[in-house]
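Data block below; observations after.
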Amino acid sequence: MSVLVAEGLQKTYRSGESNVTALAGVSFSVDRGDFVALMGPSGCGKSTLLHVCGAMDRASAGRILLNGQNLAALGDDELTRVRREQVGFVFQFFNLLPTLTIADNIALPCLLAGMKGDDADARAQALAERVGIAHRLSHFPQQVSGGEMQRAAIARALVHQPALLVADEPTGNLDSENGAKVLALLSELNREMGVTVLLATHAADVAAAASRVLRMRDGKFEVRQP
Ligand code: ADP
C-alpha cells in the first residue's frame with residue numbers, strides 16, 4: 001500500500017521577473033514502512049519536493065496522492081488538516097517553539113488535532129521515553145543540546161501517528177556523534193514502529209540508512225522511477 005504517490009510533479013517559483021523551475025516532472029511512490037532518501041546538490045529541488053509531498057506547499061502541476069487523498073483537489077483548510085493529521089515534519093534547525101517546554105512542544109500536534117490535554121501529555125511522555133529525552137520534558141528548548149532538540153522534534157513529528165515522516169536534512173545542524181544518534185533513532189523507528197520516512201540529505205551515511213536512495217539533479221530524478 002502506497003502512502004505517497006507522486007506523478008509528474010512540477011513546481012515553478014516566481015522570482016522577481018523570472019521563473020525558477022524547482023521540480024521539472026517528478027514521479028515516484030513511497031510504500032508503507034519505506035525509508036526513502038533524496039540526495040543531490042544544493043538547489044536541485046529536494047526541499048521543494050518534501051514540501052509539496054508533505055502538503056506544506058502546492059505543486060504547479062502533477063498529482064499527489066497522500067494516503068489516498070488527491071492533494072490538488074483539496075481547499076486550503078482541508079490541505080492544512082491533511083498536513084496536520086497525516087504528516088510529521090523534522091527540520092534541520094529543529095523548529096521547536098522556544099516559549100514551550102519540551103513536553104508541550106511534543107504534545108502540541110495532539111492538542112491541535114483536538115485531543116484532550118491529559119491524553120496528549122501521556123502520548124508525549126511515552127514518545128519522549130522512546131526517543132530518550134524523558135529527563136528533559138520540563139526543560140525549554142534552549143536548555144537542552146542540539147541532539148536532544150532534534151530528538152524532541154522527532155517525537156513531536158510522530159506524536160499524532162502520521163502516515164508519513166518528512167525530514168529535511170535532519171542531521172545537518174548536528175555534530176557527527178549526535179547526527180549518528182539521530183540517524184540511528186530514525187532507523188529504529190522505521191524498523192520497530194514501521195514509521196514511513198521520506199528524508200532529504202547531503203550526507204552519504206544518512207542515505208546509507210535508507211532502504212531506497214533517489215538522486216536528484218535540476219529538479220528531476222537522475223534515474224526515472226518505475
Ligand atoms: P534543495 O533543497 O535541493 O537545496 P530547493 O528545493 O530548496 O533545493 O530549491 C530548488 C530551486 O528552487 C533552487 O533554484 C531555489 O533557489 C529555488 N527556490 C526554492 N524556494 C524558492 C522560493 N520560495 N522562491 C523562489 N525560488 C525558490
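Every number here is computed from the coordinates shown, using simple stated rules; none is lab data. Note that the structure is a prediction, hence the values are computed from the model and not measured. Quick reminder, even Gly has a Cβ in these numbers, built from the backbone with ideal geometry, and neighbours come from all protein chains shown.
Given +1 on the Cβ of Lys and Arg, -1 on the Cβ of Asp and Glu, and no further charges, what dipole in debye does the chain carry about its Cα centre, rounded to the nearest 20? Write down the numbers at each step before the final one.
Working: 22 positive and 24 negative charges, 89 e Å.
For the chain, the charge dipole is close to 420 debye.
The range 124-226: Rg/Rh from Cα coordinates, Kirkwood Rh? It would help to have the intermediate numbers written out before the result.
Values: Rg = 14.6 Å, Rh = 14.7 Å.
Over the Cα atoms of the range 124-226, Rg/Rh equals 1.00.
Projecting the Cα positions of THR201, VAL223, SER211 onto the charge dipole of the range 105-226 (unit charges on Cβ atoms of Lys, Arg, Asp and Glu, taken about the Cα centre) puts VAL223 furthest along the positive direction.
Which value does Rg/Rh take for the range 44-127 over its C-alpha atoms, Rh per Kirkwood?
Details: Rg = 14.8 Å, Rh = 14.4 Å.
Here the Rg-to-Rh quotient is 1.03.
Computed per residue of the chain from DSSP H runs no shorter than four, each worth -39500 (n - 2.57), the mean residue ellipticity at 222 nm is -11000 deg cm²/dmol.
Protection proxy ranking, highest mean first, for peptides 145-156, 186-197: 145-156, 186-197, where packing is the per-residue count of other beta-carbon atoms within 10 Å, averaged. Most tightly packed first, judged by the mean number of other beta-carbon atoms within 10 Å of their residues, the peptides 53-65, 106-118, 74-86 read 53-65, 106-118, 74-86. The coefficient of translational diffusion for the chain, derived via Stokes-Einstein from the alpha carbon Kirkwood radius under 4 °C and 1.567 mPa s, stands at 73 µm²/s. Taking the Cα centre of the range 2-48 as reference, the dipole from Cβ charges on Lys and Arg (+1) and Asp and Glu (-1) amounts to some 120 debye.
For the range 55-177, the residue among PHE89, THR171, LEU100 whose Cα projects farthest onto the positive side of the dipole built from Cβ charges is PHE89. At a Cα cut-off below 22 Å, give the lysines reachable from LYS11, other chains included and same-chain residues fewer than 8 away excluded. Filter leaves LYS46, LYS220. Computed from Cα positions, the angle between helix 146-158 and the longest principal axis of the chain comes to roughly 70 degrees.
For the range 86-104, the residues whose amide N sits under 20 Å from a probe point set 7 Å from the Cα of ASN173 along the beta carbon direction are 88-104.
Here the 3J(HN,Hα) profile of the range 118-130, calculated from phi with Karplus coefficients 6.51, -1.76 and 1.60 at θ = phi - 60°, is 5, 5, 4, 4, 5, 4, 4, 4, 4, 6, 4, 5, 4 Hz, Gly and Pro shown as x. Charged side chains reduced to their Cβ positions (Lys and Arg at +1, Asp and Glu at -1) give the range 58-181 a dipole of some 200 debye around its Cα centre.
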